[in-house]
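The values are calculated or read from the model by the stated rules, or taken from the named source; none is laboratory data. Please read all numbers here as calculations on a predicted model, not as lab measurements. Because the Cβ atoms are built from the backbone with ideal geometry, glycine has one as well, and the counts that use them run over all protein chains shown. With ligands, DNA and RNA removed, areas are computed over all heavy atoms of the protein, side chains included. Shrake-Rupley method; radii C 1.70, N 1.55, O 1.52, S 1.80 Å.
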Amino acid sequence: SQQGEEDPQALSIQEGENATMNCSYKTSINNLQWYRQNSGRGLVHLILIRSNEREKHSGRLRVTLDTSKKSSSLLITASRAADTASYFCATDLGYGNKLVFGAGTILRVKS
Amino acid sequence: NAGVMQNPRHLVRRRGQEARLRCSPMKGHSHVYWYRQLPEEGLKFMVYLQKENIIDESGMPKERFSAEFPKEGPSILRIQQVVRGDSAAYFCASSDRGNTEAFFGQGTRLTVV
């Protein structure tokens, strides 16, 4: 099964609300990365968090990592309609950048 | 600084033809990765290359698929004798070294008819 698994599979919220997406994985990792993909487009790198880090911020994004639970969360605060996209977590097992992706969370922000 | 450039963006091939997908990494990046994404799914790793070397091809199908990253020029993912099941989006990513951020191209959407 997938190394990275996101939940929920789909999330629909109103503009201005916060969105939280979770990612669980199975084996030890070197780092974990979050990406955004707009429909039919390429992936945009959001945040990389290393295995020795617990939290990272970038603008309206906050990522946490709990290696004891093998889980990560991505929080988007004050969401906007433009945040509508699929969000993927990807784990780097420590060998180059051979990333293992989950199936993604589809976020829809309604205006 | 241009990002990762992939071409073509869309490619249509008949069954049995060959498909060639190109990827130019970001300037200064010598690590290239190819991923495949089937509809409604996440990306699956195919192959990891550095200049003139295949580092890890554990995700490549055993037959019909090959990849190269020559000393000069883009990385090429080649699919021979395409079948309908090869229809997917193929993404290339690059990084300046292992375990740093990987930056993705816009992808090539292959349709086999």
Legend entry - Number of partner chain Cβ atoms within 10 Å, mean per residue of A:38-44: 5
Inset, instruction - Give the ranking of B:K71, B:K44 by solvent-accessible surface, highest area first, calculated with a 1.4 Å probe. - result: B:K71, B:K44
Legend entry - Mean separation of Cα contacts under 8 Å, 6 or more apart, over the residue count of the range B:1-63: relative contact order %: 22 percent
Inset, instruction - Taking DSSP loops as anything outside H, G, I, E and B, show the longest stretch in chain B free of GluC sites (Glu not before Pro) there with at most 11 other beta carbons within 10 Å. - result: B:73-113
Inset, instruction - Starting from the Cα gyration tensor of chain A, take the square roots of the eigenvalues, sort them a ≥ b ≥ c, and report rounded, prolate or oblate (rounded when a/c is under 1.5, otherwise prolate if a/b is larger than b/c, else oblate). - result: prolate
Legend entry - Extension gain from B:T100 to B:R15, taking 0.36 nm per residue of separation minus the Cα-Cα distance: 26.8 nm
Legend entry - Cα→Cβ-extended label distance, 7 Å offset, between A:S73 and A:L93, nm: 2.8 nm
Inset, instruction - Name the residue, out of B:V82, B:V12, B:V47, whose mean-square fluctuation peaks in a Gaussian network model built on chain B with Cα pairs under 10 Å. - result: B:V12
Legend entry - Cut-off 19 Å (backbone N to label point 7 Å along Cα→Cβ of A:H45), residues of the range B:63-99: B:75, B:91-99
Inset, instruction - Could you work out the mean count of beta carbons from other protein chains within 10 Å of each residue's beta carbon in B:33-45? - result: 5
Inset, instruction - Project the alpha carbons of the range B:1-61 onto their principal axes and report the range along each, largest first, in whole Å. - result: 36, 27, 25
Inset, instruction - Please give the contour-minus-distance gain from A:N52 to A:A82: 0.36 nm per residue of separation, less the Cα-Cα distance, rounded to one decimal in nm. - result: 7.6 nm
Legend entry - Summed side-chain charge close to A:K110 - residues other than A:K110 whose Cβ falls under 13 Å, Lys, Arg +1, Asp, Glu -1: -1
Legend entry - Heavy atoms of B:R9: accessible area, 1.4 Å probe, square angstrom to 10: 100 Å²
Legend entry - the range B:58-69 - phi-based ³J(HN,Hα) in whole Hz, Karplus 6.51/-1.76/1.60, Gly and Pro as x: 5, x, 7, x, 5, 10, 6, 9, 8, 9, 8, 9
Legend entry - Members of A:K70/A:K98; A:K98/B:K27; A:K70/B:K27 lying beyond 27 Å, as alpha-carbon distances in this model show: A:K70/B:K27
Inset, instruction - Count the net charge of all other residues whose Cβ sits under 12 Å from the Cβ of B:E101, scoring Lys and Arg as +1 and Asp and Glu as -1. - result: 0
